[in-house]
Amino acid sequence: MARRVKPPRGRSTRSGTALPETSLVFNVVAKDERTPGVFRFVIQAPQIARKARPGQFVILRLNEHGERIPLTIAHHDEVRGTLTLFVQAVGKTSIEMSRLKSGQGILDIAGPLGRPTEIERFGTVVLVGGGFGIAALWPIARELTAAGNRTIALLGARSKNLLLLQEEIQAASSEVRVATNDGSAGTRGLVTDLLEQVIREESPVHRVIAIGPVVMMKAVCELTRASSIPTRVSLNPIMIDGTGMCGACRVMVDGKMRFACVDGPEFDGHLVDFPGLENRLRGYLPEERKSREQFTRVEECRLEEATPPRS
Amino acid sequence: MEQPPKKGNKIPRQSAPERAPEERKRSFDEVSLGYSPAMAMLEASRCLQCKKPKCVLGCPVHVRIPEFIRQVAEGDFLDAARTIRETNALPAVTGRVCPQEDQCEKHCVIGIKGEPLAIGKLERFVADYEREAGAEDGMQPAPPTGKKIAIIGAGPAGLTAAGDLAALGHEVVIFEALHQAGGVLFYGIPEFRLPRNIIEMEIDRLKKRGVTIQLDYVIGKIKSLDELLTEDGFHAVFIATGAGLPYFLGIPGENLNGVYSANEFLTRVNLMHAWEFPEFDTPLHAHQAIAVIGGGNTALDAARTALRLPSARQVSIVYRRSSEEMPARHEEIRHAREEGVLFRFLERPVAILGENGWVKAVRCQKMQLGEPDASGRRRPLPIPGSEFDLAADAVVIALGSGSNPLIAQDAKDLETDPEGHIELSDADIQMTSKPGVFAGGDIVTGAATVISAMGAGKKAARGIHDYVMRST
Ligand SMILES: Cc1cc2nc3c(=O)[nH]c(=O)nc-3n(C[C@H](O)[C@H](O)[C@H](O)COP(=O)(O)OP(=O)(O)OC[C@H]3O[C@@H](n4cnc5c(N)ncnc54)[C@H](O)[C@@H]3O)c2cc1C
Ligand SMILES: Cc1cc2nc3c(=O)[nH]c(=O)nc-3n(C[C@H](O)[C@H](O)[C@H](O)COP(=O)(O)OP(=O)(O)OC[C@H]3O[C@@H](n4cnc5c(N)ncnc54)[C@H](O)[C@@H]3O)c2cc1C
Ligand code: SF4
Ligand code: SF4
Ligand code: FES
């Protein structure tokens, strides 16, 4: 059957009639590439900035045709009314977002979503971050340190130039250690090597918070399980609405089905079914490749022919 | 006054034209086409204009059925629309999606001997006529009261309350979590049953009445109830956040790829346009054999939506009771059959089997009907040793949903039942335990119907009006 391509519908509530005055406008006020392929965005969203807490995320949609994607709030500035997000350009939407310029707008941002990180005086807290997970750790480190904890941040990356926010984390925590696969910064190896070391040196460690790729979080949990250190992980399953309606973000925790957007995104890492999560994150690979290929193809044509962009 | 030409049930019930199954099963265009004016007048002429109309008692919002039917019979279609709108804000919607056979039409007296009057179809006709004629509702809002009302959720309950409250002169702001207003009407019920332009028209109508709709606004997160009532100066709040948290079966294999809740499946298609991927960015796999679990409207919608995906070869509905017990609307069941959905009755899934992380089959068990249970329906009992595997590469679970947790999580002084539904302290006016806070629709009753949600919206609007006008 021939595919029907219809003009975009929906969103009549914003087209046609004049925008109601209270309509939220989400403008990009600053953007730069922090490490290769990871972009920092500062976005005007005063109402969300006012309520954001460490550990929370937003769901955004770039345009009428867009997918809704979740992104962690790495920083919020109540005074300026801005949110800072770090986006790793991995697929269609994140690549498209990485091409936004300062001054351009984002159609929809809903948030702050998810339950905030518990901020208490625990004692010694080890924060383990990898990839864009480091961005998520930044506000957590800041608040835990301010709450009187001794915070030890362990950051991992493949190579020095891929290490995100090192200075900021340094400023936000009591101590920082770095591991890179190639040894170009810190020690050569994995963050879990650093964690083993810290657990040996510091006793007791009262809590571990790990945010990063699933393999990393899983390895962290295996390590801390042996010494029964309470460990929180922030899960990133596929999401659509982010309000507990669709069930796409379900994960098994302690044998029970939980919804990461309303019950999480943080859970007790020792109870999370990581293989199940990994499997579900693989769910859309073929389609995402298709979407990305088509997008980059269109982009290339556009550059060659200088055709007007799709509205 | 002129009487309709012929009365009584000598004229057969007029059936509205429908798109042919072959044509419609691959298209998202509306299936039922609706009456022509002549057909509507003929059908309306069958009404006996009962002095004590039973039909009205069957309608949750008590639409003045005999009056509007008489107006249709006389050709006064726009007056008929006005009559309906006195009690029903969304007739084009209810005319299409109400389970009429269990409500108004169930009680119609001519249904005792013959076929009941097609009240729903007439309601739809009148609303469509009004819309196509571009008629204004002519509703003059009352002078401004200076009171501000916040409505949480733009589903049928919220939209109805907003319309009534705006007409009473209040300043109304609807806060909606998604990027689109409409609630289930938009993300759940598919286009071929309820065209989007109808919902959009109704939303525009509200905006013309001065209602503001604030999208992307998740109450409980960006604002708490208390902030709305204090900082933002709202005099009352109506919570109409609908159902949430889809139920799953609790059987092995539910986290395999290819298993969806009906909400996710329908949202991907209806709200996010996944069937137009990659024109739109949200994907849905090219599933071929889809098994839908359940027997309600949601299951039927999921199955008929699945059938319309270009990749679909076979769509089955697996339901543990028999066809008589199916809760879905009769018309939907008939449409699904005509379009080629396979019905598997008296079977229940016991496990979902996978391969490389993907669904491969549903292991089912055959059932037989035993004694009636508390609901009066015969209880399905498993037949030991009857397991078999139904090949499928997607499973859509349509077992209904629980309550949306966000608001109750945030407002500890709001009383909820053990399942998280908001409890009312005065059901006549939809008032909760928290002062100034009202609630209605699926968040109070659990998954119910569009018209009952609208009825709650109406009651709440009256309750809120009295409340804010009393307090100073
Ligand atoms: C609570 C939460 C917070 C997140 N915070 C951030 C953040 O701060 N910065 C950031 O860059 N990303 C974050 N993510 C992941 C981000 O949402 C995905 O990278 C994004 O949806 C990918 O969309 P895409 O269209 O660009 O890529 P796609 O084309 O959809 O996917 C490209 C690749 O990314 C993988 N992927 C898809 N969805 C996810 C996901 N939810 N999590 C991990 N991998 C995924 C796919 O399997 C695929 O390999 C977060 C996810 C969640 C659930
Ligand atoms: C697939 C499907 C088919 C159906 N078919 C029929 C049918 O044929 N006939 C029938 O009568 N009924 C049908 N129903 C049931 C009917 O749709 C519901 O009973 C009705 O929509 C409930 O209305 P509501 O206003 O309470 O909530 P909803 O329609 O669920 O709307 C609630 C709205 O609130 C928003 N919201 C939620 N939380 C928040 C928050 N914290 N802040 C802001 N906004 C929020 C949601 O995004 C949503 O837009 C069907 C339901 C489904 C799922
Ligand atoms: S609202 Fe529904 S129940 Fe009431 S008259 Fe109309 S179709 Fe019948
Ligand atoms: S019960 Fe039937 S015949 Fe009587 S008024 Fe109602 S619709 Fe007409
Ligand atoms: S994203 Fe839909 S329920 Fe969590």
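For the range A:166-282, list the strands (runs of 3 or more DSSP E) that sit wholly inside it and hold at least 2 residues that are of a type outside the set (S, T, N, Q) and either within 16 Å of ligand 5 (Cβ to nearest atom) or on the phi > 0 side of the Ramachandran plot (or both); which are they?
Details: elements: A:175-180, A:207-211, A:231-234, A:250-253, A:256-259, A:266-268.
Passing ranges, in order: A:250-253, A:256-259, A:266-268.
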key: Count - residues of the range A:23-43 that are surrounded by 15 or more Cβ atoms within 10 Å (Cβ to Cβ) and within 14 Å of chain B (Cβ to nearest Cβ)   = 3
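When the range B:248-266 is examined, which residues are found to be part of a loop (DSSP other than H, G, I, E, B) and more than 9 Å from chain A (Cβ to nearest Cβ)? Let's see the steps before the verdict.
Residues of the range B:248-266 part of a loop (DSSP other than H, G, I, E, B): B:248-256, B:258.
Within the range B:248-266, B:Leu249, B:Ile251, B:Pro252, B:Gly253 meet the criteria.
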message = Name the single residue that is nearest to the other protein chains (Cβ to nearest Cβ) among those in the range A:78-99 being farther than 25 Å from B:Glu176 by Cβ and in a loop (DSSP other than H, G, I, E, B).
response = A:Gly91
request  = Enumerate the pairs (first residue in the range B:96-108 and assigned to a loop (DSSP other than H, G, I, E, B); second residue anywhere and among the hydrophobic types (A, V, I, L, M, F, W, C) and away from ligand 4 (no atom under 12 Å from the Cβ)) with beta-carbon separation below 7 Å, excluding pairs fewer than 6 apart on the same chain, so at least 6 apart or on different chains.
outcome  = B:Cys98/B:Val450; B:Cys98/B:Ile451
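Name the strands (runs of 3 or more DSSP E) wholly within the range B:367-460 that hold at least 3 residues that are in contact (Cβ under 8 Å) with a residue 40 or more places away in the chain?
Correct list: B:394-397, B:401-403, B:437-439.
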ask   = Would you call B:Ile119 within 16 Å of ligand 3 (Cβ to nearest atom) and either surrounded by fewer than 23 Cβ atoms within 10 Å (Cβ to Cβ) or at pLDDT 95 or above (or both)?
value = yes
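If you check B:Glu105, B:Glu18, which single one turns out to be more than 16 Å from ligand 1 (Cβ to nearest atom) and either surrounded by fewer than 14 Cβ atoms within 10 Å (Cβ to Cβ) or at pLDDT below 90 (or both)? So that I can check it myself, show each step before the final result.
Values: B:Glu105 fails: either surrounded by fewer than 14 Cβ atoms within 10 Å (Cβ to Cβ) or at pLDDT below 90 (or both).
Being more than 16 Å from ligand 1 (Cβ to nearest atom) and either surrounded by fewer than 14 Cβ atoms within 10 Å (Cβ to Cβ) or at pLDDT below 90 (or both) holds for just one of B:Glu105, B:Glu18, which is B:Glu18.
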Enumeration of residues in the range B:8-64 that are closer than 15 Å to B:Glu123 by Cβ, of a type outside the set (Asp, Glu) and in a helix (DSSP H, G or I) = B:Pro37, B:Met39, B:Ala40, B:Met41, B:Ala44, B:Cys55, B:Val56, B:Gly58
task = Could you check, for the range B:166-183, whether at least one of its residues is closer than 19 Å to B:Asn88 by Cα, modelled with pLDDT under 95 and in a helix (DSSP H, G or I)?
result = yes
message = Looking at B:Ser316, B:Ser322, B:Ser375, can you tell me which residue is in contact with a Phe, Trp or Tyr (Cβ under 6 Å, 6 or more places away or on another chain) and closer than 17 Å to B:Gly295 by Cα?
response = B:Ser322
Failed criterion for B:Ile352 (all others in (1) at pLDDT 90 or above; (2) within 14 Å of chain A (Cβ to nearest Cβ); (3) not in a strand (DSSP E or B) hold) = (3)
request  = Write out, first by first residue and then by second, each pair whose Cβ atoms fall under 9 Å of each other, whose residues are 6+ apart or on separate chains, and whose first residue, in the range A:252-271, is at the interface with chain B (Cβ under 10 Å from one of its Cβ atoms) while the second is within 16 Å of ligand 1 (Cβ to nearest atom) and in a helix (DSSP H, G or I).
outcome  = A:Met252/A:Gly276; A:Met252/A:Leu277; A:Val262/B:Leu406
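Can A:Ala153 be described as buried (at least 24 other Cβ atoms within 10 Å of the Cβ) and outside the structural domain of A:Gly131 (by TED's automatic domain parsing)? Before you say what the answer is, go through the steps one by one.
Working: buried (at least 24 other Cβ atoms within 10 Å of the Cβ): yes; outside the structural domain of A:Gly131 (by TED's automatic domain parsing): no.
Spelling it out, it is not the case that A:Ala153 is buried (at least 24 other Cβ atoms within 10 Å of the Cβ) and outside the structural domain of A:Gly131 (by TED's automatic domain parsing).
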key: Residues of the range B:267-307 classified as in contact (Cβ under 8 Å) with a residue 40 or more places away in the chain and within 10 Å of chain A (Cβ to nearest Cβ), total   = 5
key: Number of positions in the range B:250-260 that are buried (at least 24 other Cβ atoms within 10 Å of the Cβ) and touching a helix residue (DSSP H, G or I) at 6+ places or on another chain (Cβ under 9 Å)   = 1
Pair list, Cβ under 8 Å, 6 or more apart: the range B:23-47 residue under 18 Å from B:Glu331 (Cβ atoms) and away from every other protein chain (no Cβ under 14 Å), other residue more than 16 Å from ligand 3 (Cβ to nearest atom) and not in a loop (DSSP other than H, G, I, E, B) = B:Val31/B:Glu18; B:Val31/B:Arg24; B:Val31/B:His335; B:Ser32/B:Glu18; B:Leu33/B:Glu18
query = Within the range B:70-77, is even one residue in contact (Cβ under 8 Å) with a residue 24 or more places away in the chain and in a loop (DSSP other than H, G, I, E, B)?
reply = yes
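Can you name the residue in the range A:100-123 that is among the aliphatic types (A, V, I, L, M) and over 16 Å from the mean Cα position of the chain (by Cα) and, of all such residues, is nearest to the other protein chains (Cβ to nearest Cβ)? I'd like the intermediate steps shown before the answer.
If we filter the range A:100-123 for residues that are among the aliphatic types (A, V, I, L, M), which is where we start, we get A:100, A:106-107, A:109-110, A:113, A:119.
If we keep only those that are over 16 Å from the mean Cα position of the chain (by Cα) as well, we get A:100, A:106-107, A:119.
Details: A:Leu100: 15, A:Ile106: 10, A:Leu107: 7, A:Ile119: 18 Å.
Per the stated criteria, the residue is A:Leu107.
The values are calculated or read from the model by the stated rules, or taken from the named source; none is laboratory data. All figures in this text were calculated on a predicted structure; none of them were measured in a lab. Note that we place each Cβ from the backbone using ideal geometry, even for glycine, and neighbour counts take in every protein chain shown.
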